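Colleague: Structure incoming, see below.
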Amino acid sequence: MAKRMGPKANSKLAKAPRAAPVEDAEERGLPDHDTVTAHIDALNALKAKGAKINGDIGELVKSAEERDNIHRGAMKLAAKLARMEDAARSEFLVHFDHYRDIMGLTVQPGLFDGDGAGAAAALN
């Protein structure tokens, strides 16, 4: 059985005492405390905005899946392709189509024919 390590045994969990400021920090071109904390605050604020944006994107995608029968993976790939330069997109699609062909990755016959019953059955 593995030995359990408490906070004292694991240096990552133990709180390190705050180090005294480097005496020659200004001479060495190191930023001061206020500069460092201002940058950290700005970075954390942007990360919080990013988390909010990612949540909004997730809600948009989920709503599109439920309301409009959007396939999450296919839409993600289509959005990525739409952002690509023409030459890069063409190169990707040539390779992708080739890989699909040599691996036999085709649409199942009848899956999306008629009233969509085959597709609905496949999705459930």
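Colleague: Being at negative phi, free of Cβ contacts under 8 Å to residues at least 24 places away in the same chain and open to solvent by less than 70 Å² (accessible area, probe 1.4 Å) narrows it down to one residue among 85, 65, 59, 27; which is it?
Modeller: 65
Residue by residue, here is whether (1) of a type in the set (A, V, I, L, M, F, W, C); (2) modelled with pLDDT of 90 or more; (3) not in a helix (DSSP H, G or I) holds:
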site: 17; (1), (2), (3): no, no, yes
site: 37; (1), (2), (3): no, yes, no
site: 46; (1), (2), (3): yes, yes, no
site: 59; (1), (2), (3): no, yes, no
site: 63; (1), (2), (3): no, yes, no
site: 75; (1), (2), (3): yes, yes, no
site: 88; (1), (2), (3): yes, yes, no
site: 92; (1), (2), (3): yes, yes, no
site: 121; (1), (2), (3): yes, no, no
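The values are calculated or read from the model by the stated rules, or taken from the named source; none is laboratory data. If you're wondering where the values come from, they're calculated on a predicted model, not measured in any experiment. Quick reminder, even Gly has a Cβ in these numbers, built from the backbone with ideal geometry, and neighbours come from all protein chains shown. These accessible areas exclude ligands, DNA and RNA; they are computed on the full protein's heavy atoms, side chains included. Shrake-Rupley method; radii C 1.70, N 1.55, O 1.52, S 1.80 Å.
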